[in-house]
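Okay, structure first, notes after.
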Amino acid sequence: MTQMGFYFDQTRCTGCFTCAVACKDWHDTPAGPINWIRINTIEKGKFPNLFLSYLAIACNHCADPPCVKACPTSAITKREKDGIVIVDGEKCIGKDECGFKCLKVCPWEAPQFSIELNSKMEKCDLCLDRLEKGQQTICAEACPMYALDVGSMEQLQEKYGNIVEAEGFLNNDKIKPSIIFTPKRSI
Amino acid sequence: MKDGTAEMDENFERIINTGCCHDCGGRCVLKAHVKNGKITRIETDNEKEPQLRACSRGRAYRQRVYSEERLKYPLRRIGERGEGKFERISWEEALNHVASKILEIKEKYGNSAILFVPGGGNQGMLHGVTPVGLMLNQIGGYTRMWGIPSYEGALFASMATYGTMMTGNARDDLLNSNLIIMWGWNPANTVWDPGTSLWLAKAREKGIKIIAVDPIFTDSAAVLANDWISIRPGTDTAMLIAMAHVIITENLQDQPFIDKYTVGYDVYKEYVLGREDGQPKTPKWAEKITTVPEKTIINLARDYATNKPAALIAGWGPARTAFGEQYSRAANVLCAITGNIGINGGYASGFMRAYSSRESVGSTGKKKEGPIKQNDETSKPKKPRPQDNLVDFNAPPRKDALYKLRGGTNPANTRVHFNDYYNLILQGTKGGYPADIKMAYICGTNRLNQYGNVNKGVKALKSLEFIVTHEQFMNPTAKFADIILPANTFMERDDIAVPWLGSPYYIYLNKAIDSRFETKSDLEICRELSKKLGIKTSLLFLPEDQILRIFASPRKDIKNYNKMKKEGYYKVKVEEPFVAFKKHIEDPENNPFPTLSGKIEIYCEHIAEKNNPLIPAIPKYFSHDEHYDSPLAEKYPLQLITPHNKRRTHSSLHNIPWLEEIEPHAAWINPTDASVRNIKNGDLIDVYNDRGRIRIHAKVTERISPGVVCVYQGAWYKPNKDSVDLGGCANVLTQDSYSPGGAFPLNSSLVEVELYQKEQLEGK
């Protein structure tokens, strides 16, 4: 089985949010709490000795995704073919009825919900529609700094190594997130 | 599948190649997916490298086109100016009204009573201000103004030192540097040429040291640079001069270069060493002024002088200050005395244009080179051409203009500065201004919001007889208009655009969708208005495609216009990275600099003739009325800076939800300044001075130097009944004056900050 995943070069991310806006445009997500890809800011230090980095993070399409196990209605599945974790909106019973079971077990807050009552979970599907046409994900293709890449983990590791740590990212070996980094080192 | 059949299929999606065209340094590729006449999605350049990838602003454009806030119909004001009350009228009514007012004012007061207020909100060749200017010239002209807020100081310095704006190297040449200094320059947020940040990242990854000098720990400083030097705003000139002091006293200057290519080094040296005014400009002297430690200044000077080739990139922001032109001059001179000009990996600073796609080239496509002939006020009057503005045609050169130098956007005979236009309106000829203004024709600009001293602007705009504007949204300026003509967006028309600094490419903007509602393009508006003004023949009456081809025709580097139109961009093949002044350095006999002396002017003869101590012939550091050490600083102890942020392009795109959520609008303040004022992160605070007061959330952050407050420019002015601006518009607090060399002092304001006492104000 191929496992698709992300590469993120933290040393290059300028926090421009182009990936996030491109994602919202492509997937027609309104402004608001639903962010398939999120950009977290990490600020450290005291003037004038400062550290600033960004962490762009979507869904890590884990090798052993806890959200799949946590979902009471099997709405979340992991695709055999490419390891992409997808959610079936028809099957999802909604956040209030369910109690955010998927979100609670995800270390990186990938499951996203609108503020509407009992809204269904949605999240990054690695641009399945684009991947099936042989296109790159919209976020990776948007990044003006070429800090994002998406592909099979094998290929990514060959190109970029296999570091699974970065500022603001807490790894979880058990569930094996499909992401590797070029981390920015803190002061 | 043929087009006709395809259109019938409701799932058929066409991809229209267009581009982003607001007033940033970019111009990027956008590919609009259009289904049933509606844009559904936007992609960017995904073809051959180097790609012209759009930033978040362009990617969010769908929300701008389909915003509920779009102006849909022509509007006539029914409330007070600024109140925002309008009624819908027909185009026929609106244009008749505008035409009759223009003709009435022209008849009654003369053409100089018409003030044309243009702006860079649209950067296309065809739409925006171009057709308006042509139209107004055809009825006898208008009062125009000089000075561009973005870069006037940098432009003046570039012309004084080098005689040209073409002073930049191509971005890929950064990889040839040994050291890069980003001075007051934040390309991660203010897109210059697309790819600038990427080239800087690649340079750093190659091991090239990059240093950022800025009052803010910007995204560029944090991500692209290895080191950040924090500096007190408005004191950059002092640090640059102190660096010259280190270089001169340690004999690190490139003397052969100085001897061969420059004039005036010895005069500058006298000033730097203190022989002129008794004050040696030592790093110790500069430390007190700049807050940059002496040792840091010394090290940077040594690094810069001894790591050739080194690129000192002097951004425009520090030149947007009182005496801003001195900063740019001091930077240019530092490049010159270290011999970092005309070589790969070096950089001349100056205006920093690096390719001629933006320059108005002659019909042969070649510009004359060499030292220029003096063309002073004694030369005989010229005969006006149809495209000339008769109001100030043949007026004598304005005081302090570098009128003997060719090029630039600095019309020598235009006598009112753009940041002085409220005084022009309010005082007129009685106040010594050249005209009595009765009406304003505004296009492509949210003028009230984007220039100094908004509250004075409110008074000025209220005093006019008539205001018309082309607008897309009900922004603060539009609220003051009598007639608003709703303009379409660049997604709804064809145009061609080039980047600010002229990287070697063009963007062709293909119309993606029909104009929404009753909006029209600026060209369409001017065509119809021209007829109502009695204009019989006009370039504007030609078919749109023909006009565009005429406008593009001097650009001889567009070898295949149709290909450009089809693909949405045209990337010009260049053999090697452009390096400014390469041939001037390699073969100076045949390629003198286009200055009066034919050399790089450390001492500028043309400035010297003006005999104005506030524009010295060599760069000098000055304090001023709103500097940190001025008496006013006792009342207003904090320095306000008003840079561009990452989510707007000036005031355009302010109201786009996908962009608004990127970064909430807030005043940045250091924890030391916040705590003594009992301010916590997120509190609502008032930032104020004698010009006005804004109410805004505080972002308490270590990323800003103590003593400095940052309010990113471009947020929309929204006054309450007490004239407190709740929109957080930075220009409520800035000055409506200008520096002798034309710089806009928008980063030179003193302010105080206080926690907003809600109860107190509600009780009033």
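Annotation note: of B:LYS559, B:LYS563, B:LYS571, the sole residue that is modelled with pLDDT under 95, more than 28 Å from the chain's Cα centre (by Cα), surrounded by fewer than 21 Cβ atoms within 10 Å (Cβ to Cβ) and not assigned by TED's automatic domain parsing to the domain that holds B:MET165 is B:LYS559. Here B:THR161 fulfils each of the conditions (1) within 11 Å of chain A (Cβ to nearest Cβ); (2) in contact with an Asp or Glu (Cβ under 8 Å, 6 or more places away or on another chain) apart from (1). Can you find, within the stretch B:682-700, the residue that is nearest to the other protein chains (Cβ to nearest Cβ) among those that are crowded, with 21+ Cβ neighbours inside 10 Å and closer than 23 Å to A:THR41 by Cα? Across the stretch B:682-700, the extreme among qualifying residues is B:VAL700. A:ASN172 meets all of the listed conditions (1) in a loop (DSSP other than H, G, I, E, B); (2) under 21 Å from B:ASN46 (Cβ atoms) but one, namely (2).
Taking A:GLU132 as the residue in question, decide whether it is away from chain B (no Cβ under 14 Å) and either buried (at least 17 other Cβ atoms within 10 Å of the Cβ) or more than 13 Å from the chain's Cα centre (by Cα) (or both). When the stated conditions are applied, A:GLU132 passes them.
Report, by residue number, each residue of the stretch B:72-104 that is closer than 28 Å to B:ASP722 by Cα and not aromatic (Phe, Trp, Tyr).
Taking the stretch B:72-104 as the starting set, the residues that turn out to be closer than 28 Å to B:ASP722 by Cα are B:75-87.
If the condition is that a residue be closer than 28 Å to B:ASP722 by Cα and not aromatic (Phe, Trp, Tyr), then B:LEU75, B:ARG76, B:ARG77, B:ILE78, B:GLY79, B:GLU80, B:ARG81, B:GLY82, B:GLU83, B:GLY84, B:LYS85, B:GLU87 are the ones that fit.
Annotation: of all residues in the stretch B:749-764 being modelled with pLDDT of 95 or more and out of contact with any helix residue (DSSP H, G or I) (no Cβ under 8 Å at 6 or more places or on another chain), the one that is nearest to B:ASN446 (Cα to Cα) is B:SER749. Of the set (1) buried (at least 24 other Cβ atoms within 10 Å of the Cβ); (2) under 19 Å from the mean Cα position of the chain (by Cα), all apply to B:ASN169 but (2). Of all the residues in the stretch B:539-556, those that are surrounded by 18 or more Cβ atoms within 10 Å (Cβ to Cβ) and at pLDDT 95 or above number 4. Scanning the stretch A:95-133 for residues that are aromatic (Phe, Trp, Tyr) and touching a helix residue (DSSP H, G or I) at 6+ places or on another chain (Cβ under 6 Å) yields a single hit, A:PHE113. Taking the stretch B:15-99 as the region of interest, the strands (runs of 3 or more DSSP E) fully inside it that hold 2 or more residues being within 14 Å of chain A (Cβ to nearest Cβ) and within 28 Å of the chain's Cα centre (by Cα) are B:29-35, B:38-44.
Every condition in (1) farther than 22 Å from A:TRP26 by Cα; (2) of a type in the set (Asp, Glu); (3) touching a residue at least 12 places away in the same chain (Cβ under 8 Å); (4) in a loop (DSSP other than H, G, I, E, B) is met by A:GLU109 except one, and the failing one is (1).
Counting just the residues of the stretch B:636-681 that are acidic (Asp, Glu) and under 15 Å from B:ILE216 (Cβ atoms), which one comes out nearest to the other protein chains (Cβ to nearest Cβ)?
Taking the stretch B:636-681 first, the residues acidic (Asp, Glu) are B:660-661, B:663, B:673.
Still in the running and under 15 Å from B:ILE216 (Cβ atoms): B:663, B:673.
On the way: B:GLU663: 8, B:ASP673: 11 Å.
Across the stretch B:636-681, the extreme among qualifying residues is B:GLU663.
One residue is enough: does the stretch B:206-221 have a residue meeting the conditions assigned to a strand (DSSP E or B), within 11 Å of chain A (Cβ to nearest Cβ) and closer than 30 Å to B:ASN670 by Cβ? Working first, answer last.
Filtering the stretch B:206-221 for residues assigned to a strand (DSSP E or B) gives B:209-213, B:216.
Cutting the leftovers down to within 11 Å of chain A (Cβ to nearest Cβ) gives us B:216.
Now drop any that are not closer than 30 Å to B:ASN670 by Cβ, which leaves B:216.
Yes, the stretch B:206-221 contains a residue that is assigned to a strand (DSSP E or B), within 11 Å of chain A (Cβ to nearest Cβ) and closer than 30 Å to B:ASN670 by Cβ.
The sole residue among B:LYS308, B:LYS269, B:LYS284 that is in the same structural domain as B:ILE180 (by TED's automatic domain parsing), surrounded by fewer than 16 Cβ atoms within 10 Å (Cβ to Cβ), basic (Lys, Arg) and at pLDDT 95 or above is B:LYS284. Residues in the stretch A:151-165: is at least one under 21 Å from A:HIS27 (Cα atoms) and surrounded by fewer than 22 Cβ atoms within 10 Å (Cβ to Cβ)? There is at least one residue in the stretch A:151-165 that is under 21 Å from A:HIS27 (Cα atoms) and surrounded by fewer than 22 Cβ atoms within 10 Å (Cβ to Cβ).
Yes/no per residue for (1) more than 18 Å from B:ILE180 (Cβ to Cβ); (2) of a type outside the set (S, T, N, Q):
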| residue | (1), (2) |
| --- | --- |
| B:PHE257 | yes, yes |
| B:LYS269 | yes, yes |
| B:VAL272 | yes, yes |
| B:ILE298 | yes, yes |
| B:THR306 | no, no |
| B:GLU325 | yes, yes |
| B:THR338 | no, no |
| B:GLY345 | no, yes |
| B:SER349 | no, no |
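Filter the stretch B:81-99 down to the residues that are free of Cβ contacts under 8 Å to residues at least 60 places away in the same chain and out of contact with any Leu (no Cβ under 9 Å at 6 or more places or on another chain) and list them by number. Answer for the stretch B:81-99, where residues must be free of Cβ contacts under 8 Å to residues at least 60 places away in the same chain and out of contact with any Leu (no Cβ under 9 Å at 6 or more places or on another chain): B:LYS85, B:SER90, B:GLU92, B:GLU93. Screening the candidates A:VAL21, A:VAL68 for the property of being among the β-branched types (Val, Ile, Thr), within 13 Å of chain B (Cβ to nearest Cβ) and not in a strand (DSSP E or B) yields one hit, A:VAL21.
Sort through B:SER675, B:SER630 and tell me the only one that's of a type in the set (Gly, Ala, Ser) and closer than 21 Å to B:LYS288 by Cβ. Can you show your working first?
Numbers: B:SER675 fails: closer than 21 Å to B:LYS288 by Cβ.
Among B:SER675, B:SER630, only B:SER630 is of a type in the set (Gly, Ala, Ser) and closer than 21 Å to B:LYS288 by Cβ.
On the basis of being surrounded by fewer than 23 Cβ atoms within 10 Å (Cβ to Cβ) and at pLDDT 95 or above, does B:GLN450 make the cut?
Here the answer is no, as B:GLN450 does not meet what is asked.
Residues that are surrounded by fewer than 15 Cβ atoms within 10 Å (Cβ to Cβ) and part of a loop (DSSP other than H, G, I, E, B) were ranked within the stretch A:24-47; the one that is farthest from the other protein chains (Cβ to nearest Cβ) is A:PRO33.
Does A:CYS127 qualify as being more than 14 Å from the chain's Cα centre (by Cα), buried (at least 22 other Cβ atoms within 10 Å of the Cβ), under 23 Å from A:ASN40 (Cβ atoms) and within 14 Å of chain B (Cβ to nearest Cβ)? For A:CYS127, the condition - more than 14 Å from the chain's Cα centre (by Cα), buried (at least 22 other Cβ atoms within 10 Å of the Cβ), under 23 Å from A:ASN40 (Cβ atoms) and within 14 Å of chain B (Cβ to nearest Cβ) - is not met. Taking the criterion of being in contact (Cβ under 8 Å) with a residue 12 or more places away in the chain, in a helix (DSSP H, G or I) and under 21 Å from B:GLU601 (Cβ atoms), the residues of the stretch B:249-298 that qualify are B:PRO256, B:PHE257, B:ILE258, B:LYS260, B:TYR261, B:TYR265, B:VAL267, B:TYR268, B:LYS269, B:TYR271, B:VAL272.
Is it true that A:PHE8 is within 8 Å of chain B (Cβ to nearest Cβ), closer than 30 Å to B:LEU198 by Cβ, touching a residue at least 24 places away in the same chain (Cβ under 8 Å) and aromatic (Phe, Trp, Tyr)?
On the way: within 8 Å of chain B (Cβ to nearest Cβ): no; closer than 30 Å to B:LEU198 by Cβ: yes; touching a residue at least 24 places away in the same chain (Cβ under 8 Å): yes; aromatic (Phe, Trp, Tyr): yes.
No: the conditions fail for A:PHE8.
For the stretch A:105-115, the tally of residues that are surrounded by 12 or more Cβ atoms within 10 Å (Cβ to Cβ) and out of contact with any Leu (no Cβ under 7 Å at 6 or more places or on another chain) stands at 7. For the stretch B:584-616, filtered to residues that are modelled with pLDDT of 95 or more, in a helix (DSSP H, G or I) and not aliphatic (A, V, I, L, M), the residue that is surrounded by the most Cβ atoms within 10 Å (Cβ to Cβ) is B:HIS584.
Taking the stretch A:71-106, which residues are in a strand (DSSP E or B) and hydrophobic (A, V, I, L, M, F, W, C)?
Of the stretch A:71-106, the ones in a strand (DSSP E or B) are A:76-78, A:85-87.
Selection gives A:ILE76, A:VAL85, A:ILE86, A:VAL87.
The values are calculated or read from the model by the stated rules, or taken from the named source; none is laboratory data. In this text, all values refer to a predicted model and were calculated from it rather than measured experimentally. Every residue, glycine as well, gets a Cβ built from its backbone with ideal geometry; the counts of neighbours run over all protein chains shown.
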